[in-house]
1. Just wondering, is there one or more residues in the range 3-12 that are open to solvent by 80 Å² or more (accessible area, probe 1.4 Å) and on the phi > 0 side of the Ramachandran plot?
2. Filtering the range 13-70 down to residues that are acidic (Asp, Glu) and open to solvent by less than 30 Å² (accessible area, probe 1.4 Å), which residue is nearest to Glu2 (Cα to Cα)?
3. Scan the range 4-15 for residues that are of a type outside the set (D, E, K, R) and within 10 Å of Leu54 (Cα to Cα) and jot them down.
4. Among the residues of the range 1-59, write down those that are β-branched (Val, Ile, Thr) and either in a loop (DSSP other than H, G, I, E, B) or in contact with a strand residue (DSSP E or B) (Cβ under 6 Å, 6 or more places away or on another chain) (or both).
Amino acid sequence: METIKITPKEEFIKLGQALKAAGAVSSGVEAKIVVSEGLVKVNGEVDQRRGRKLYSGDRVEFEGYRIEIE
């Protein structure tokens, strides 16, 4: 499981950015494609919004990647 820590200053990270930061995708374009195709789950549910804001405690799943936001 990959953990992404957000600072109090940032408050959140967007879904596409989290996928890139974890190395699950190689580019923003790839993030857009996998999210729009419904291949990404946030907190156990498919989410097709690349710009979805993720906060501490959120979990993302994609093709074997598990990402936790802290």
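The values are calculated or read from the model by the stated rules, or taken from the named source; none is laboratory data. Remember, predicted model here, so these are calculated numbers, not experimental data. Backbone-built Cβ (ideal geometry, glycine too); neighbour counts: all protein chains shown. Note: areas computed on protein heavy atoms with side chains; ligands, DNA, RNA excluded. Shrake-Rupley method; radii C 1.70, N 1.55, O 1.52, S 1.80 Å.
1. In the first step, residues of the range 3-12 are kept if they are open to solvent by 80 Å² or more (accessible area, probe 1.4 Å); the result is 5, 8-11.
Still in the list and also on the phi > 0 side of the Ramachandran plot: 11.
Within the range 3-12, one or more residues are open to solvent by 80 Å² or more (accessible area, probe 1.4 Å) and on the phi > 0 side of the Ramachandran plot.
2. Residues of the range 13-70 that are acidic (Asp, Glu), as a first pass: 30, 37, 45, 47, 58, 61, 63, 68, 70.
Within this subset, residues satisfying the condition of being open to solvent by less than 30 Å² (accessible area, probe 1.4 Å) are 47, 58.
On the way: Asp47: 19, Asp58: 12 Å.
Across the range 13-70, the extreme among qualifying residues is Asp58.
3. First pass over the range 4-15, keeping only residues of a type outside the set (D, E, K, R): 4, 6-8, 12-13, 15.
Across the range 4-15, the qualifying residues are Ile6, Phe12, Ile13, Leu15.
4. The initial filter retains those residues of the range 1-59 that are β-branched (Val, Ile, Thr), namely 3-4, 6-7, 13, 25, 29, 33-35, 40, 42, 46.
Result: Thr3, Ile4, Ile6, Thr7, Ile13, Val25, Val40, Val42.
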